[in-house]
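The values are calculated or read from the model by the stated rules, or taken from the named source; none is laboratory data. Given the structure is predicted, the values throughout are model-derived calculations rather than measurements. Note that each Cβ is placed from the backbone with ideal geometry, even for glycine, and that neighbours are counted across all protein chains shown. Calculation scope for accessible area: heavy atoms of the full protein, side chains included, ligands and nucleic acids excluded. Shrake-Rupley method; radii C 1.70, N 1.55, O 1.52, S 1.80 Å.
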Amino acid sequence: MKTVITMFVLLCMTSIQAQKFNGKATYKTSQKSNIKIDANQEGMTDKMQEELQKRLQKMNQKTFILEFDKTKSVYKQEESLAAPKVSSGFNQVRVVQFGSGSGKGSIYYKDTQEKRYTNQTEIMGKVFLIKDELPKYKWEMSTETKNIGQYTCYKATYSKEVENKSISFINGETKEEIVKETVVTTAWYTLEVPVSNGPKNYQGLPGLILEINDGKNLIVCTEIIINPSEVIKIEEPKKGKVVSQKKYDEIQNKKSKEMLEKFKSRNGFDVGNGVNIKIGG
């Protein structure tokens with residue numbers, strides 16, 4: 001009888017601990033630039049090209065926070081002070097970003113048990129609430145391991161054929177090229193944090209994903225806090241016009257084309273992914 005009672009108490013304690021389980025993970029992101037500017041571009045010096053690439057690289061280095069429990073999570077960019085404007089000794093290089101769907105102000109909520117997500121984001125000041133099913137990744141598991149911080153991580157990959165858009169700006173003219181290619185995404189996950197979750201829309205592995213690399217975008221976890229002292233409230237965002245991911249992509253593509261035409265007339269050019277470059281005053 002005593003043994004039965006002891007086992008019952010242990011089960012209750014385990015259940016309580018599972019209910020209380022939550023955590024907070026910090027991720028650093030970086031992205032390769034897809035901008036091509038002709039070396040002979042009128043008015044574009046080597047110094048300007050170097051400065052432009054540095055600014056783009058800095059713009060793509062961001063910090064995101066993932067707050068999670070066993071089945072739900074919220075992923076959003078860490079709040080920070082606006083970057084100071086840099087004054088250069090040559091023509092102004094201005095970078096404008098809009099509606100990328102995962103940048104500042106965007107809230108990405110996941111429910112891995114119900115296999116759905118809600119992404120609160122905006123395009124040019126208009127707020128949208130994207131509601132859809134979580135993507136199904138066909139992960140290929142590997143026995144290869146490496147350490148990320150104090151955690152032992154296992155490798156998993158998946159392949160997908162995508163259309164990549166490359167936009168070049170040469171002597172006032174934009175050239176758009178679409179190339180199909182197979183992209184291999186590599187994930188490193190740890191079994192030491194037993195949640196099937198990760199940054200952005202990544203999930204579906206038997207542990208928390210600490211690193212994602214698709215060849216152009218790199219996301220790396222720099223800190224994990226399990227059951228932090230401050231209370232974590234994981235709430236699904238509710239603000240914005242409800243649309244599907246397909247509908248949102250259509251709206252975003254339309255707005256991108258409008259911005260491209262607008263900036264063409266102002267000696268500017270759109271580089272895709274919600275980024276616009278303008279050279280000159």
Which number in (1) assigned to a loop (DSSP other than H, G, I, E, B); (2) touching a strand residue (DSSP E or B) at 6+ places or on another chain (Cβ under 9 Å); (3) open to solvent by 40 Å² or more (accessible area, probe 1.4 Å) marks the one condition that K160 misses?
(1)
Given the criteria part of a strand (DSSP E or B), open to solvent by less than 20 Å² (accessible area, probe 1.4 Å) and in contact with a Gly (Cβ under 7 Å, 6 or more places away or on another chain), does I209 qualify?
yes
So is K58 open to solvent by 80 Å² or more (accessible area, probe 1.4 Å), modelled with pLDDT of 65 or more and in a helix (DSSP H, G or I) or not?
yes
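Under the condition of being within 17 Å of K200 (Cα to Cα) and of a type outside the set (V, I, T), which residue from the stretch 213-229 is surrounded by the most Cβ atoms within 10 Å (Cβ to Cβ)?
Of everything passing the filter in the stretch 213-229, C221 is surrounded by the most Cβ atoms within 10 Å (Cβ to Cβ).
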Determine whether S166 is within 30 Å of I224 (Cα to Cα) and modelled with pLDDT under 95.
no
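For I232, indicate whether it is in a strand (DSSP E or B), at pLDDT 90 or above and either open to solvent by 40 Å² or more (accessible area, probe 1.4 Å) or out of contact with any helix residue (DSSP H, G or I) (no Cβ under 8 Å at 6 or more places or on another chain) (or both).
On the way: in a strand (DSSP E or B): no; at pLDDT 90 or above: yes; either open to solvent by 40 Å² or more (accessible area, probe 1.4 Å) or out of contact with any helix residue (DSSP H, G or I) (no Cβ under 8 Å at 6 or more places or on another chain) (or both): yes.
Spelling it out, it is not the case that I232 is in a strand (DSSP E or B), at pLDDT 90 or above and either open to solvent by 40 Å² or more (accessible area, probe 1.4 Å) or out of contact with any helix residue (DSSP H, G or I) (no Cβ under 8 Å at 6 or more places or on another chain) (or both).
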Report the residue count in the stretch 235-281 for those that are among the β-branched types (V, I, T), open to solvent by 20 Å² or more (accessible area, probe 1.4 Å) and either at pLDDT below 85 or outside any helix (DSSP H, G or I) (or both).
2
Can you tell me how many residues within the stretch 188-200 are in contact with a strand residue (DSSP E or B) (Cβ under 6 Å, 6 or more places away or on another chain) and surrounded by fewer than 22 Cβ atoms within 10 Å (Cβ to Cβ)?
2
